[in-house]
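Report on the structure given below.
No value in this document is a laboratory result; all are computed from the given coordinates. All of these numbers come straight from a predicted model, not from anything done at the bench. Positions of Cβ are generated from backbone atoms using ideal geometry, with glycine treated the same way; all protein chains shown enter the neighbour counts.
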Amino acid sequence: MDIKNMFSLEGKTALVTGAAYGIGFAIAEALAGAGAKIAFNCRDKEHMEKALQDYQAKGIEAKGYYCDVTDEQQVADMVSKIGQDLGGVDILVNNAGIIKRIPMVEMELKDWNAVINIDLTGPFICSKAVLPGMMEKGQGKIINICSMMSEFGRETVSAYAAAKGGLKMLTRNICSEYGQYNIQCNGIGPGYIATPQTAPLRAKQADGSMHPFDRFIRSKTPAQRWGKTEDLQGLAIFLASGASDFINGQVIYADGGISAYIGQDPGNLDASKFEDVE
Ligand code: NAP
Ligand code: GCO
């Protein structure tokens, strides 16, 4: 292998789902920086228009597609358009996802189904749409954005944890079934990352004090900070590149050490040294 170019994505086309902002945007930016052509999707017109401006501001010619990952026909149409516009999908990042924080006994079935459909069925639909092209090419990369909840439970996130636990096993199954075609399917397990999805967990209290969950997560993270979306960029390039061709079915955690650390008493933390996070 050409050591100097083992992380290069030149000549590759990447589809990052739900990459109008947040983790998906940062991953798309990273893959573009490594040379990939970028396709992304979202559902919302305002998000799309802002995202296209944001990509352009970073010098990235990303192509955006309106597509709900739970709609099989929309996904098939999107993958076909990407084939015409950019050449077939070489790298798929199943990033689109939602969370609903509701105690399970109070969660309505529609809320459960919404989370499972987007966070687990969506990656199934998108992976199924790109695999035939990857099989024909004899190579491909699928990266599933898993979660700490692929390993741990916590109150109020039953549907999300079930979906992300299932996504870990879907990762292993795609590895098992399609590894013979030189297709690698791995997961990224982010820790607690500062994005709109986790903003409610950091919101200042009415008296201006720190959100209890903010203090809790910092007490569980050796670095005592929230992750930045940029903290995931190197791992995304690695798993999208030839450098990871013999890594398959793995979920690699970029969590600041949360999964290795029992944590400390949140009351011991010196909050005065913490940087504010949006
Ligand atoms: P976010 O800020 O809420 O962004 C989610 C993205 O997904 C948005 O672009 C949204 O765009 C898109 N999306 C949602 N439902 C969709 C659908 N049905 N079809 C197409 N696009 C859809 O979330 P994030 O924090 O960046 O998280 C991204 C992924 O990382 C998610 O899978 C999340 O579970 C996972 N994750 C997040 C963290 C964290 O701490 N933030 C940690 C671990 C894992 P539209 O709404 O415009 O469609
Ligand atoms: C929550 C958070 C987490 C993060 C992420 C952690 O409510 O606990 O939203 O689930 O989103 O999945 O890895």
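Couple of notes before you dig in:
- Of all residues in segment 178-193, those that are away from ligand 1 (no atom under 16 Å from the Cβ) and among the β-branched types (V, I, T) total 1.
- Test: residue in segment 152-162 that is of a type in the set (K, R), farther than 22 Å from Q233 by Cα, within 16 Å of ligand 2 (Cβ to nearest atom) and touching an Asp or Glu at 6+ places or on another chain (Cβ under 9 Å): no
- Subset of segment 108-129 (residues that are crowded, with 23+ Cβ neighbours inside 10 Å, within 13 Å of E72 (Cβ to Cβ) and among the hydrophobic types (A, V, I, L, M, F, W, C)): C126
- Some residue of segment 78-90 being over 19 Å from the mean Cα position of the chain (by Cα) and on the phi > 0 side of the Ramachandran plot: yes
- Scanning segment 96-117 for residues that are within 16 Å of ligand 2 (Cβ to nearest atom) and within 20 Å of R154 (Cα to Cα) yields a count of 15.
- Odd one out for G234 among (1) more than 16 Å from ligand 2 (Cβ to nearest atom); (2) buried (at least 16 other Cβ atoms within 10 Å of the Cβ); (3) closer than 21 Å to V16 by Cβ: (2)
- Residues being touching a Cys at 6+ places or on another chain (Cβ under 9 Å) and at negative phi - total across segment 1-33: 6
- Selection from segment 134-164 of residues that are within 21 Å of G257 (Cα to Cα), among the small types (G, A, S) and either buried (at least 21 other Cβ atoms within 10 Å of the Cβ) or within 11 Å of ligand 1 (Cβ to nearest atom) (or both): S147, S150, A161
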